[in-house]
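Student: The structure that follows is given in the form of structure tokens.
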Amino acid sequence: MSKENHDEIFTFLAGMVIGAVGGALAGLLLAPKSGDELREDAHALGRNLLTRVNEELHNQEGETRKLIEKARYTIENQVDKVKRDRRADRMAKAKAAEESTVGYESN
């Protein structure tokens, strides 16, 4: 699957989650219910949402899991690259300092 497809899937999933949460909240807030009923419905919605998210995250074959693993891999690679760049920068500075010291000693 190409990077564009992953981005499209992630955008679609994010839009669905945001839409579902927004729609559910709007429905709860606009429904003619008492405060106790509204709180009970909100708690049930939260539990249901957490259960569904948890199930999707633990689904080893799901697209969400694949996207999370890809993001983790990309982040780890970027962290390694930054570490290598910092190490190379320190080595270059040490070499420059050594060369400048050697130059002074030979005079």
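Student: Give me the pairs, please: first residue somewhere in the stretch 66-80 and not assigned by TED's automatic domain parsing to the domain that holds Leu13, second residue anywhere and in a helix (DSSP H, G or I), beta-carbon distance under 6 Å, and either six or more positions apart or on two chains.
Tutor: Listed pairs, sorted by first residue: Leu67/Phe10.
Student: Within the stretch 43-61, can one find any residue that is of a type in the set (Gly, Ala, Ser) and assigned by TED's automatic domain parsing to the domain that holds Leu13? I'd like the intermediate steps shown before the answer.
Tutor: In the first step, residues of the stretch 43-61 are kept if they are of a type in the set (Gly, Ala, Ser); the result is 44, 46.
Next, from what is left, pick out any that are assigned by TED's automatic domain parsing to the domain that holds Leu13: 44, 46.
Taking every residue of the stretch 43-61 in turn, at least one turns out to be of a type in the set (Gly, Ala, Ser) and assigned by TED's automatic domain parsing to the domain that holds Leu13.
Student: Which of the residues belonging to the stretch 54-93 are more than 14 Å from Leu13 (Cβ to Cβ) and either touching a Cys at 6+ places or on another chain (Cβ under 6 Å) or not in a helix (DSSP H, G or I) (or both)?
Tutor: If the condition is that a residue be more than 14 Å from Leu13 (Cβ to Cβ) and either touching a Cys at 6+ places or on another chain (Cβ under 6 Å) or not in a helix (DSSP H, G or I) (or both), then Gln60, Glu61 are the ones that fit.
Student: For the structure I just gave you, tell me whether Thr51 is among the polar types (S, T, N, Q), at pLDDT below 80 and in a helix (DSSP H, G or I). Break it down into steps so the answer makes sense when it comes.
Tutor: Values: among the polar types (S, T, N, Q): yes; at pLDDT below 80: no; in a helix (DSSP H, G or I): yes.
So Thr51 does not fit the description; no.
Student: Test Ala31 against the stated conditions and say whether it is among the small types (Gly, Ala, Ser) and at pLDDT 80 or above. Walk me through how you get there before you give the answer.
Tutor: On the way: among the small types (Gly, Ala, Ser): yes; at pLDDT 80 or above: no.
No: the conditions fail for Ala31.
Student: Show the residue pairs that are 6+ apart or on different chains and have beta-carbon atoms under 9 Å apart, the first residue being within the stretch 6-25 and in the same structural domain as Ala44 (by TED's automatic domain parsing) and closer than 17 Å to Gly62 by Cβ, the second being at pLDDT 80 or above and among the basic types (Lys, Arg).
Tutor: The qualifying pairs are His6/Lys70.
The values are calculated or read from the model by the stated rules, or taken from the named source; none is laboratory data. All values reported here derive from a predicted model rather than from experimental measurement. Note that we place each Cβ from the backbone using ideal geometry, even for glycine, and neighbour counts take in every protein chain shown.
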